[in-house]
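J.: Let me begin by handing over the structure; questions about it come next.
What follows is calculated from the coordinates using simple rules that are stated; it is not laboratory data. Source: prediction; values computed, not measured. We place every Cβ from the backbone using ideal geometry, glycine too, and count neighbours over all the protein chains shown.
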């Protein structure tokens, strides 16, 4: 059996696995069975899947009265199976619109590497469509539709800071990132070299065993996530240098932290000013989060490679060992997506919000 990410299996496990093991205590593993997967695939279901508002009602009705939103771009992800097809999507309480009583809702059939991208059903919901979004506390919101209300508690990482020695004199800590992979990062900007890093937050247990590459123990690869890091020569930290390309193409939880920026913790115009240092051509085109005025795209900060083979990561080690004592050492960890030698961080679509923001265009 091939254990590729399967949204329907995850959903079935949540429904049936809880019944199998939940009665014995929360400290035991949750058993997932093939029987539950098959039963869910074969079950006849009724849902107006082409009607985003009807699907939103189904999703909200299926949630408990209070949920926790972990990712720092405030996506609450879900999956379900309807008529043998697996769907995934999210409810998003966008930092730029939620206080105006709006939320974003999107879903699509689950993406596969061997199948073209599926169409996305997307709608922005507010009181005009019967959905109310009420702010209860700074990072707590109540969403109501018809007779059902759910409290969404956003992830409060406001007290999270990098340990001493992790951030350099030329660097600015933009904010903490909680990726949907459940791995935490510090988003850092190097003003001297005009580049970004995602630094692994090792103050918490990220539940990912890091294994050294065959070439050098400077390169470490997450057994669970496929995230690849470089152990910095100069500072006690690990810099994200790669994500596994297969995860990018199926748009799953391990496609990298480019779509989980620290929106709730960005102070004022800090991020916009930094982006304009890197890409002055974006002046007048982005808001303080790096989003376009129509909300369709957002500036993508993805200074890492998408790799298929471990050997593709060797270039980072070759560069770092040669440049260890040079002023441009940290340029070794910024992937250039242009052919003219200039730094570039790709725009990403936020219109596709099924399960994930749209993956960046292949370069």
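J.: Before rounding to the nearest 500, sum -39500 (n - 2.57) across all DSSP H runs of length at least 4 in the chain and divide by the residue total; then give [θ] at 222 nm in deg cm²/dmol. Intermediate results must be reported in sequence, preceding the final value.
T.: On the way: 7 runs with 54 residues, N = 363.
Estimated from H runs of four or more residues: -4000 deg cm²/dmol.
J.: Please work out the FRET efficiency for the pair residue 308 and residue 138, using the Cβ-Cβ distance as r and a Förster radius of 41 Å; give the result to the nearest 0.05. If you can, show how the numbers build up before the last one.
T.: Numbers: r = 42 Å, r/R0 = 1.03.
For residue 308 and residue 138, the calculated efficiency is 0.45.
J.: Taking the chain as a Gaussian network, where each spring joins two C-alpha atoms under 10 Å apart, which residue of 302, 169, 182 fluctuates the most?
T.: Evaluated over the chain, the most mobile residue of the options is 169.
J.: Whole Å is fine, so just give me how far the alpha carbon centre of segment 166-208 lies from that of segment 79-97.
T.: So the two Cα centres are separated by 28 Å.
J.: Checking the a/c ratio against 1.5 first, then a/b against b/c, what shape does the Cα gyration tensor give for segment 55-178? Could the numbers behind the result be given before it?
T.: Working: a/c = 2.35, a/b = 1.37, b/c = 1.72.
It is oblate, given that a/c is not under 1.5 and a/b is not larger than b/c.
J.: So how far, in whole Å, is the C-alpha centre of segment 27-47 from the one of segment 222-297?
T.: Here the two parts' Cα centres lie 35 Å apart.
J.: Rg and Dmax of the chain, using alpha carbons, in Å: what are they?
T.: Rg then Dmax for the chain, in Å: 21.0, 64.
J.: With springs connecting C-alpha atoms under 10 Å apart, model the chain as a Gaussian network and identify which of 142, 98, 215 has the largest mean-square fluctuation.
T.: For the chain, modelled as a Gaussian network with Cα springs under 10 Å, the answer is 215.
J.: Just subtract the alpha-carbon distance of residue 51 and residue 114 from 0.36 nm times their residue separation and send over the number in nm, one decimal.
T.: Working: separation 63, 0.36 × 63 = 22.68 nm, distance 2.68 nm.
Extra length available between residue 51 and residue 114 comes to 20.0 nm.
J.: Could you work out how much longer the chain between residue 68 and residue 43 gets when fully extended? Use 0.36 nm per residue separation minus the Cα distance between them, nm to one decimal.
T.: This chain segment gains 6.1 nm when fully extended.
J.: Okay, moving on. How would segment 123-254 be classified by its alpha-carbon gyration tensor: rounded, prolate or oblate, with rounded meaning a/c under 1.5 and the a/b versus b/c comparison settling the rest? Write out the running numbers ahead of the final one.
T.: Values: a/c = 2.60, a/b = 1.81, b/c = 1.44.
Here segment 123-254 falls in the prolate category.
J.: Can you give me the distance in nm between label points at residue 158 and residue 214, each placed 7 Å from the Cα along the Cα-to-Cβ direction?
T.: According to this spin-label approximation, the distance is 5.0 nm.
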